[in-house]
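The values are calculated or read from the model by the stated rules, or taken from the named source; none is laboratory data. Just so it is clear, the model here is predicted, and its values are computed rather than measured. All Cβ positions, even for glycine, are placed from backbone atoms using ideal geometry, and neighbour counts span all protein chains on display.
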C-alpha cells in the first residue's frame, strides 16, 4: 500500500476531465461544464465555483468505485460536491434523490465528477472519465446507485464503507491542498496577541521571527531567551509614568522543539520600515511544517 504522503502529493492523472457544474436555482437553469487535469485542480476549481474553501466542500459519493460496471459509469466512482450557502439547487437535489439519498437538500452550486478509486489501494484516487451533463441523466448508473440493479461481480466490501473511505480521502486531499498553499516560503504571519508587531515565517529547517521595535530601542534593551520548547522576547520601553521596564512581546511554548545551540537572534538598527527590528532564527529539531509560532 502506498504511503499517505506519497498518495496525497501525487495529484495528476495525466489527462483532463470534463465535469458538470449544477447552478443553484430551479431545474430550468442549464448545467455548465468545467475541465480539470488533476484531483487537486478539480477540488480547487469546484471550491471556487461553490464559493467556499476546499475543506468546506460537502462530499456525497453517489456511486462507489466498481459498482457501476456494466453501466455508463464503468468502474468509476461518481461524486457530488456542494457548499452550505446559497439558494436551493433543484437539479443537484433531484440527483441525490435519484441515487437513493434520503431527505436530500442541496443549496448553492454543486459539482459532479467521476474518480478512479479501488479499495485494493484505498489511499489512491485519480480522475475518472468525462462527466458531461448528459451522463447525469443516464438511467443505468442511477438505478445501480439506488441498488435497483447489481454488478455481476459484487465487491466484498459494503457500499457504505467504500463511500466513506472515498469521501474521507477526498477530504484529506482538500486539507493537503490548503496545507500546501500555506507551505514554507509564503508571506509572514502575525504572532497572536502582538498586534502585528511580531511576525513569523516557516522555512524547511528554520522558523524566522521578526519583531518591530519602538523608536529609540537599542540592542542592550532586548532580552531574548531561546529554550528547546519555549521562546521569550522582551524589549525595554518607557511607560506612561516615565519608568523604564521590560515589555514582553513573545513568551510562550513553541509549536515544536528547537535546537537552541543552532538558533540565534540579531538586532537590526534600521529596516525598510524605518525602525529597528529584532530578528530571531530558530533551528527546528525536526523539519516539519509549523502551524503556529507559540501555542
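Worth a mention:
- Index of the failed condition, residue 95 passing every other in (1) over 24 Å from residue 44 (Cα atoms); (2) buried (at least 19 other Cβ atoms within 10 Å of the Cβ): (1)
- Within the span defined as region 102-111, one or more residues are within 26 Å of residue 123 (Cα to Cα) and crowded, with 20+ Cβ neighbours inside 10 Å.
- Residue 233 meets each of the listed conditions (1) on the phi > 0 side of the Ramachandran plot; (2) in contact (Cβ under 8 Å) with a residue 24 or more places away in the chain apart from (1).
- Of the residues making up region 30-58, those that are in a loop (DSSP other than H, G, I, E, B) and buried (at least 18 other Cβ atoms within 10 Å of the Cβ) are 52, 57.
- Meets criteria (at pLDDT 90 or above, assigned to a loop (DSSP other than H, G, I, E, B) and buried (at least 17 other Cβ atoms within 10 Å of the Cβ)) for residue 86: no
- Counted residues, region 135-161 - those being outside any loop (DSSP other than H, G, I, E, B) and over 29 Å from residue 32 (Cβ atoms): 3
- In region 199-228, the residues that are over 20 Å from residue 257 (Cα atoms), part of a strand (DSSP E or B) and touching a residue at least 60 places away in the same chain (Cβ under 8 Å): 211, 212
- Filtered residue count, region 137-164, keeping only those that are buried (at least 20 other Cβ atoms within 10 Å of the Cβ) and out of contact with any helix residue (DSSP H, G or I) (no Cβ under 6 Å at 6 or more places or on another chain): 5
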